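Written below as structure tokens is the structure these notes are about.
The values are calculated or read from the model by the stated rules, or taken from the named source; none is laboratory data. Quantities reported herein were computed from a predicted structural model and do not represent experimental measurements. The protein model used for the area step is the full one, side chains on, heavy atoms only, and it has no ligands, DNA or RNA in it. Shrake-Rupley method; radii C 1.70, N 1.55, O 1.52, S 1.80 Å.
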Amino acid sequence: SHELKTPLTSISGFAELMKAGDVPEKDVVDFSESIYDEAQRLITLVNDIIKISELDGQSIPFESEPVDLYELSKEVIGRLENEAEKRQVTFHLIGDRAEIMGVYKILEEMLYNLCDNAIKYNKENGTVDVLVNQTGDSVNVIVRDTGMGISPAHQGRVFERFYRVDKSHSKKVGGTGLGLAIVKHGAMYHHAKISLESTVDVGTAITIA
């Protein structure tokens, strides 16, 4: 409720000032932009809460199908390339075709959240490696970055809902605190295991197998 209240309070405050006529005409555009930004933040948060709720209740309105994780990773990277360029982060996709049975939409969300985090919490001129491996019937995907890393004290909690290692940085980059929770629940839905290796100021690698 606190996470929902924060953007709503901002939206209400800006709108109240505009309604009262207390905003100089030259500032109306800036106020409108703030309202828009907070509304987008709220929409993202609500959508993430809906995804978590669906995974919790196993009420997924999609069927399992063959999914090539290499091609899916390529598609997700393509969607994030502009954001990566803005932050001067370079993607590398490593591996080959690796097909599993799964729910495409959930797998897409999982990879998107991992790659999005790897950009947001990376360093300038950093890299993000997405490795897709298949050995026999075993498939794993690793998303590895050269970012700020996570201290051992926080590593056990980063998959909890709304848990943020650095709240000020999360607010700056627009994180909802639900991205890794969605990854965790998506992995559980697919009976997969998730593991994390991270070193402060060196980077983080998250593996789904």
Q | Considering residues of segment 170-203 that are open to solvent by less than 40 Å² (accessible area, probe 1.4 Å) and part of a loop (DSSP other than H, G, I, E, B) only, the residue modelled with the highest pLDDT | A | ALA192
Q: Could you pull out every one of the helices (runs of 4 or more DSSP H) wholly within segment 57-169 that has 1 or more residues that are open to solvent by 30 Å² or more (accessible area, probe 1.4 Å) and among the small types (Gly, Ala, Ser)?
A: 69-86, 152-155
